[in-house]
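S.K.: Please see the structure below; I have some questions.
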Amino acid sequence: MKIPGLFWGQFRRDGALALRQPGELANPLAFFVLVITLFPLGVSPESAVLAPLAAGVLWIAALLSTLLGLEGLFRRDRDEGTLEQLVLHGDPLVFAVLARLLVHWLGTGLPLTLLAPVLGAMLALPEAARWPVTAGLALGTPILVLLGGVGAALTVSLRSGGVLLALLVLPLFIPVLILGVSVAELAVAGLPTAPVLAWLGAGAALALITAPFAIAGALSIAVETG
Amino acid sequence: MKIPGLFWGQFRRDGALALRQPGELANPLAFFVLVITLFPLGVSPESAVLAPLAAGVLWIAALLSTLLGLEGLFRRDRDEGTLEQLVLHGDPLVFAVLARLLVHWLGTGLPLTLLAPVLGAMLALPEAARWPVTAGLALGTPILVLLGGVGAALTVSLRSGGVLLALLVLPLFIPVLILGVSVAELAVAGLPTAPVLAWLGAGAALALITAPFAIAGALSIAVETG
Amino acid sequence: MDTPLLTVRQLRCERDDRVLFADLSFAVARGAALQLRGPNGAGKTTLLRILAGFHPDYEGEVSRAPGPLAYLGHRPALSGLLTAEENLAHYLSLTAPGTAVSEITDALERVGLAGYEDVPCQALSAGQQRRVSLARLPLLGIAAPLWLLDEPFTALDDRGIALVTTLLAEHQAAGGGAIFTTHQPLAPRPGLETLWLGLEGAP
Amino acid sequence: MDTPLLTVRQLRCERDDRVLFADLSFAVARGAALQLRGPNGAGKTTLLRILAGFHPDYEGEVSRAPGPLAYLGHRPALSGLLTAEENLAHYLSLTAPGTAVSEITDALERVGLAGYEDVPCQALSAGQQRRVSLARLPLLGIAAPLWLLDEPFTALDDRGIALVTTLLAEHQAAGGGAIFTTHQPLAPRPGLETLWLGLEGAP
Amino acid sequence: MKVPAPLVRLWHRLGSPRWFFETSAPWLPWLLGLGVVFLGAGAFWGLALAPADYLQGNSFRIIYVHVPAAILAQSCYMLMGTCGVVLLVWRMKLADMVLEAAAPIGASFTALALVTGAVWGKPTWGTWWTWDARVTSMLILLFLYLGIIGLRQALARPEAAGRACAILAIVGLVNIPIIKYSVDWWLTLHQPSTFKLTEKPAMPPSMWIPLLLSVLGFYALFVWSVLQSTRVVVLERERRTTWVQNFVAEQGSKA
Amino acid sequence: MNFESFSAFLAMGGHGPYVWSCYGLTLAVLLFNGLAPGRRKRRFLREQGARQRRQEQPQEQA
Ligand code: HEM
Ligand SMILES: Nc1ncnc2c1ncn2[C@@H]1O[C@H](COP(=O)(O)OP(=O)(O)OP(=O)(O)O)[C@@H](O)[C@H]1O
Ligand SMILES: Nc1ncnc2c1ncn2[C@@H]1O[C@H](COP(=O)(O)OP(=O)(O)OP(=O)(O)O)[C@@H](O)[C@H]1O
Ligand SMILES: [Mg+2]
Ligand SMILES: [Mg+2]
């Protein structure tokens, strides 16, 4: 009874919190769209120029907007003191962590993935790459959230974690970026994308199994520094 | 005596605060470097591909890292309650605001500008564009900080301002981005860049005169919501 | 009933090269309450955090009877955007999953917040937030045998203070124990002891 | 000496559709101190914030004698990363530029923090932070004729409480006025009045 | 310069949300009727009677909804910026209420212009998106709208939210021409416009009269929606006043 | 009339789906903008009515 209770209790609470401020749900998405808009303006509006960059830009924007959403992942709990209660009572902390990350992914990674085909088209992403890139994001964004969660937990006790978080986490994101972009390249070249997608899937599974433990450990430490 | 006192008192305090956490000073810079590193990884490492994008990427990275640094601009004062004291006593609030923004620019915009030639070289930015881009950043980053400050002040009372801030502020950054990038294009084409740089300078002057008032107004409002 | 809920032996803690306490030994038996007193900066909060496991920089031995622990710190530990009811429901999902919602309503009534179930906690006054936080105590009751409370009387009005005193007495009567800090002198009653920190021995 | 420092007429404030107070009229003369009392949620903090100008949602009239105002809220309003001295120096640059540093040292000594000048405020205990915050009062002194203090006794030990009481008495003697909230009953003394909120008339 | 007395009186009255609430009621059916008639006529004319474009064929008929939507999107932002100035300078509560009511409506027209433009682009440009100057600045306008809506939603106290949104609307108002100008200039500098929004090829009257009609219809419907929406905002904000409480009691007893 | 038959009118020379979806969307947006205030008003009246009744009750008790 304890473990499903921990998971669903946290899920319900975080869900309520997310719904209470629908703006916050829409925001990483807005950032994603904005970064993608900056590109044609900063680089070139011509589709001939944009097409080969499109997949990379989509992925970089996904990385950055995930990153931006991460800062608040545990910050508020820490500030309000609820993190202490969580560490004190939520004994196998991983379950509460998993629930938190799931809510976060549902609010950021998922809509971002769903929006990717539309934004891809705006960036003149070749049609052949459209669905492979989306599939890559569907598998890759959970990895981003899981790895990012570790960084967020490690930096939560720092008052200005924001950019240190970026520094910790972006290098970890790079393999995901490289795999994700190569899916698009393979697709454009007419080669099979399944192997790379399988790697992404394996990465997601691995991250799912390991990251929550790292996060739980980091949170326990964060509470101690109080 | 009051006005220089307000300015320098705030400047000294914010300076001390910035120096007390040198990590935070280095952070936007690190983010700047990271975004620029992501680019060759996400798009293509070939200099033939990178060269035409380089100026745009530099500017986009500058925009995003400015944005990331903005969130904490007034947040901590608000959380700690010092913002109330500032509004209560710092009567022409613009001077304290100006000092704060100056410290912030010295810590983020300036080093970023100084680093731009090096990073430009890493992105194969054509030599002709190197100094014009740097000059553009020197004139443009103050505008970003000033306009961004308005967004930061408007969202400071929100617990999760981060991404709403991006939504508010990035559209306002677009003209700066466009002017900045076009400086590089003109330079590469061998055309005079002075007129566009003059526009950027005019923009900076305009922002310097108006933005602090908007920020002061927004801060007074933020205190009321307490 | 024999083993104490908490035994502390030879506890020593330094912060910033200043010894807060050394050679500190005491025990909290079932049915006992211990008031920590001492001047500002004496180390009361630090001691409570050590006992709760939040501050590992100490020497000496702390042994605690098994079972969950109720710890209320300086902050009320509430999500400002959630209502009192939601906050408590989440707390219960951590500590006692499966508790009925009616118990939350009862607890809120107990702490004098009937009618405020649906207000987001950030729109409550300081004392009201404190009360929501305190509503955890009747909800846990003896399920958490040891309560650690850091200045539970802060921001409370007279009735609030009387309420906390009653909650403590009930908990003691049920065989629980508590350690709490407060600067206010309390009326002596059986089972209530005082431990002074930061002063050599007595006030 | 004739015009009061603060006059409030027919003040009315609602929050969340609940009337906190209506028809509230009072004045604070020079040399007077007013203790606001009332149960949790009565509107004491709200009233202080209205008087400080932080809460514009009210009806009625508030008129204040010119001059700066000292307002200490629930939070100590300190930058955790800066030392006590730096925090106070910044405060003085806002309120009284040109004050000598030695005055800050004196004020810190006054509030019992001699030796803690160089500790970042986040490494101070709750009561010590409160004391840093209170050190503003002797620094401003009569330069701010009206003091608004929200629960100034929170987290303070007995000597801290005595200190604040002395500061208040000195301020009154110098012709200043103060409004403060606290749930603790205070010993009656001349110039100290009590205003009850949220109860019809009396406790 | 002397301002005519009736205008001064109107100005003072506009300060009273109650006056607005009571005076605006009779206008609503007229605005709705006017809007339906004009837009209906324009749309019918445009869809059924106007000749097909010699280049774009029948797809050009989208113009009768696309252009009005785009025009209204921009007018609405002007209105909001003006309201922002009025609120901050003269502290007129009504301006804030209009600002609140207009934002989602303006955003919806902006989105409509974007979507109809995109749909129109598919048959005419062969792609439904391009980074053309007007398209881009329309997209940025949508972001500005979303920012204002988001800010208001995020701030709890209506008075504070109102002034914050006013500041943002004014900053945006100053920036819109700058954005528009810079985007225009950039994209023409950059590419000699592969596609152009049809350069006014001296439309025959049978094409532009329906356009005029539907623009007028859109205006009427816009004002109708904003008035209606403002009226609700007035009620919500003034709910503590006796006149609103009486109004609510009256409506309740009717129901 | 520019079209020969009603079906030609609907087909719009092959551009029917584009044209009609635009008009449909426009209608939807206009309707939404027109009807949303009504919904919001009804909700307000309901909530405010309840609030006023709530406020009257204690006064009757007193
Ligand atoms: C997403 C795509 C589009 C957007 C955001 C967009 C936006 C705009 C805007 C802002 C205007 C100016 C309205 C005014 O103030 O007068 C406009 C006008 C117009 N648009 Fe579009 N448009 C888009 C696509 C198209 C397409 C594909 C066509 C047709 C090929 C088109 C044809 C026109 C025409 C004919 C006008 C009126 C021109 C004039 O009066 O100057 N637009 N559009
Ligand atoms: N941020 C807020 N938003 C909305 N309502 C609030 C807010 N803060 C307080 N209130 C409401 O206003 C009422 C008065 O709060 P206030 O903080 O003034 O009380 P108080 O007398 O200071 O209480 P305490 O003794 O607990 O400090 C409370 O009942 C609360 O419901
Ligand atoms: N975060 C911290 N980092 C370093 N030192 C700290 C920190 N917090 C407190 N201290 C130091 O530890 C000492 C004890 O602090 P503690 O908070 O335990 O005191 P306390 O007895 O609870 O005081 P109060 O009555 O003011 O709450 C203080 O003198 C302070 O200097
Ligand atoms: Mg303490
Ligand atoms: Mg209070």
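The values are calculated or read from the model by the stated rules, or taken from the named source; none is laboratory data. Only a predicted model underlies this, so the values are computations on that prediction, with no experimental measurement involved. Don't worry about glycine lacking a Cβ; one is built from the backbone with ideal geometry, like all the others, and counts go over all protein chains shown.
S.K.: Looking only at region D:1-57, how many residues end up being touching a residue at least 40 places away in the same chain (Cβ under 8 Å), among the hydrophobic types (A, V, I, L, M, F, W, C), more than 9 Å from ligand 2 (Cβ to nearest atom) and within 14 Å of another protein chain (Cβ to nearest Cβ)?
M.R.: Counting residues in region D:1-57 that are touching a residue at least 40 places away in the same chain (Cβ under 8 Å), among the hydrophobic types (A, V, I, L, M, F, W, C), more than 9 Å from ligand 2 (Cβ to nearest atom) and within 14 Å of another protein chain (Cβ to nearest Cβ) gives 3.
S.K.: Do any residues in region E:214-234 that are more than 30 Å from E:ALA48 (Cβ to Cβ) have Cβ atoms under 6 Å from those of residues that are acidic (Asp, Glu), where the two are at least six apart or on different chains, and which pairs are they?
M.R.: Filtered contacts from region E:214-234: E:VAL233/E:GLU100.
S.K.: Checking the conditions here, which among E:LEU155, E:LEU212, E:LEU221, E:LEU187 is modelled with pLDDT of 80 or more and either within 14 Å of ligand 1 (Cβ to nearest atom) or under 30 Å from A:LEU123 (Cβ atoms) (or both)?
M.R.: Answer to the selection: E:LEU212.
S.K.: Moving to a separate point now. Only one of C:GLN184, C:GLN128, C:GLN122 is part of a loop (DSSP other than H, G, I, E, B), within 14 Å of chain D (Cβ to nearest Cβ) and either more than 16 Å from ligand 1 (Cβ to nearest atom) or not aromatic (Phe, Trp, Tyr) (or both). Can you tell me which?
M.R.: Working: C:GLN128 fails: part of a loop (DSSP other than H, G, I, E, B); C:GLN122 fails: part of a loop (DSSP other than H, G, I, E, B).
Result of the check over C:GLN184, C:GLN128, C:GLN122: C:GLN184.
S.K.: Those residues that are within 8 Å of ligand 1 (Cβ to nearest atom) and either assigned to a loop (DSSP other than H, G, I, E, B) or touching a Gly at 6+ places or on another chain (Cβ under 6 Å) (or both), I need them from region E:98-129; list them, please.
M.R.: Passing the criteria: E:TRP128, E:TRP129.
Yes/no matrix, rows are residues, columns are (1) within 16 Å of ligand 3 (Cβ to nearest atom); (2) crowded, with 22+ Cβ neighbours inside 10 Å; (3) farther than 23 Å from D:THR166 by Cα:
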residue	(1), (2), (3)
D:ASP23	no, no, yes
D:PHE26	no, no, yes
D:ARG30	no, no, no
D:LEU34	no, no, no
D:LEU47	no, yes, yes
D:LEU51	no, no, yes
D:PRO56	no, no, yes
D:VAL62	no, no, yes
D:ALA65	no, no, yes
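S.K.: Taking region E:73-95 only, how many residues are away from chain B (no Cβ under 14 Å) and within 19 Å of the chain's Cα centre (by Cα)?
M.R.: 12
S.K.: Of all residues in region E:45-58, which are part of a helix (DSSP H, G or I), more than 8 Å from chain F (Cβ to nearest Cβ) and farther than 15 Å from F:CYS22 by Cβ? Even if it seems obvious, please write down each step before you answer.
M.R.: Kept after step one, since they are part of a helix (DSSP H, G or I), are these residues of region E:45-58: E:45-49, E:58.
This time we only want the ones that are more than 8 Å from chain F (Cβ to nearest Cβ), so: E:45-46.
Answer for region E:45-58, where residues must be part of a helix (DSSP H, G or I), more than 8 Å from chain F (Cβ to nearest Cβ) and farther than 15 Å from F:CYS22 by Cβ: just E:TRP45.
S.K.: I'm checking my understanding of the structure. Among residues of region E:96-136 that are modelled with pLDDT under 90 and of a type in the set (D, E, K, R), which one is nearest to ligand 5 (Cβ to nearest atom)?
M.R.: Step by step, filter region E:96-136, then rank; the result is E:ARG134.
A quick yes/no check of all residues on (1) of a type outside the set (A, V, I, L, M, F, W, C); (2) within 16 Å of ligand 3 (Cβ to nearest atom); (3) closer than 30 Å to D:ALA65 by Cα:
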| site | (1), (2), (3) |
| --- | --- |
| D:ALA126 | no, yes, no |
| D:GLU151 | yes, yes, yes |
| D:THR165 | yes, no, yes |
| D:THR194 | yes, no, yes |
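S.K.: Out of all the residues in region F:18-27, is one or more modelled with pLDDT under 90, within 9 Å of chain E (Cβ to nearest Cβ), more than 25 Å from the chain's Cα centre (by Cα) and surrounded by 15 or more Cβ atoms within 10 Å (Cβ to Cβ)?
M.R.: Scanning region F:18-27 turns up no residue that is modelled with pLDDT under 90, within 9 Å of chain E (Cβ to nearest Cβ), more than 25 Å from the chain's Cα centre (by Cα) and surrounded by 15 or more Cβ atoms within 10 Å (Cβ to Cβ).
S.K.: Those residues that are more than 9 Å from chain A (Cβ to nearest Cβ) and either part of a helix (DSSP H, G or I) or among the acidic types (Asp, Glu) (or both), I need them from region B:34-57; list them, please. So that I can check it myself, show each step before the final result.
M.R.: Going residue by residue through region B:34-57, those that are more than 9 Å from chain A (Cβ to nearest Cβ) are B:36, B:40, B:45-48, B:50-51, B:54.
Matches in region B:34-57: B:ILE36, B:PRO40, B:GLU46, B:SER47, B:ALA48, B:LEU50, B:ALA51, B:ALA54.
S.K.: Quick check: anything in region D:155-164 part of a helix (DSSP H, G or I), under 11 Å from the mean Cα position of the chain (by Cα) and away from ligand 1 (no atom under 16 Å from the Cβ)?
M.R.: Start the filter on region D:155-164 by keeping residues that are part of a helix (DSSP H, G or I), which leaves D:158-164.
Imposing the further condition that a residue be under 11 Å from the mean Cα position of the chain (by Cα) reduces the set to D:164.
Now drop any that are not away from ligand 1 (no atom under 16 Å from the Cβ), which leaves D:164.
The answer is yes, given that some residue of region D:155-164 is part of a helix (DSSP H, G or I), under 11 Å from the mean Cα position of the chain (by Cα) and away from ligand 1 (no atom under 16 Å from the Cβ).
S.K.: Sticking with this structure for a sec: Give the residue, chosen from E:GLY121, E:GLY126, E:GLY106, that is farther than 28 Å from A:LEU125 by Cα and away from ligand 2 (no atom under 16 Å from the Cβ).
M.R.: E:GLY106
S.K.: Can you tell me which residue within region A:11-24, out of those that are touching a Ser or Thr at 6+ places or on another chain (Cβ under 8 Å) and at pLDDT 90 or above, is surrounded by the most Cβ atoms within 10 Å (Cβ to Cβ)?
M.R.: Here the residue is A:ARG13.
S.K.: How many of the residues making up region E:37-78 are of a type in the set (Val, Ile, Thr), surrounded by fewer than 18 Cβ atoms within 10 Å (Cβ to Cβ) and within 30 Å of E:LEU144 (Cβ to Cβ)?
M.R.: Our first condition is that a residue be of a type in the set (Val, Ile, Thr); within region E:37-78, this holds for E:37, E:62-63, E:65, E:67, E:71.
When the remaining residues are screened for being surrounded by fewer than 18 Cβ atoms within 10 Å (Cβ to Cβ), the result is E:37, E:71.
Those still in the list that are within 30 Å of E:LEU144 (Cβ to Cβ) too: E:71.
Here the count works out to 1.
S.K.: Okay, next question. If I filter region C:85-105 for residues that are within 16 Å of ligand 5 (Cβ to nearest atom), within 11 Å of another protein chain (Cβ to nearest Cβ) and in contact with a Lys or Arg (Cβ under 8 Å, 6 or more places away or on another chain), do I get at least one hit? First the steps, then the outcome.
M.R.: First, pick out the residues of region C:85-105 that are within 16 Å of ligand 5 (Cβ to nearest atom): none.
Looking through region C:85-105, none of the residues is within 16 Å of ligand 5 (Cβ to nearest atom), within 11 Å of another protein chain (Cβ to nearest Cβ) and in contact with a Lys or Arg (Cβ under 8 Å, 6 or more places away or on another chain).
S.K.: For residues in region B:25-56 being at pLDDT below 85 and of a type in the set (S, T, N, Q), which is nearest to D:GLU86 (Cα to Cα)?
M.R.: That would be B:ASN27.
S.K.: When you scan region C:106-119, how many residues do you find that are in contact with a strand residue (DSSP E or B) (Cβ under 9 Å, 6 or more places away or on another chain), surrounded by 15 or more Cβ atoms within 10 Å (Cβ to Cβ) and more than 10 Å from every other protein chain (Cβ to nearest Cβ)?
M.R.: 1
S.K.: Now for a separate question. Go through region B:59-89 and count every residue that is in a helix (DSSP H, G or I) and more than 9 Å from chain A (Cβ to nearest Cβ).
M.R.: Step one: of region B:59-89, the residues in a helix (DSSP H, G or I) are B:59-70, B:72-80, B:82-89.
In the following step, the residues that additionally are more than 9 Å from chain A (Cβ to nearest Cβ) were identified as B:61-62, B:66, B:70, B:73-75, B:77-78, B:80, B:82-89.
Qualifying residue count, region B:59-89: 18.
Residue-wise test of (1) within 16 Å of ligand 2 (Cβ to nearest atom); (2) loosely packed, with under 13 Cβ neighbours inside 10 Å; (3) modelled with pLDDT of 95 or more.
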position: C:ALA143; (1), (2), (3): no, no, no
position: C:LEU149; (1), (2), (3): no, no, yes
position: C:GLY175; (1), (2), (3): no, no, no
position: C:HIS183; (1), (2), (3): no, no, no
position: C:LEU199; (1), (2), (3): no, yes, no
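S.K.: Can you name every residue in region C:1-19 that is of a type in the set (A, V, I, L, M) and closer than 26 Å to C:GLY191 by Cα?
M.R.: C:MET1, C:LEU5, C:LEU6, C:VAL8, C:LEU11
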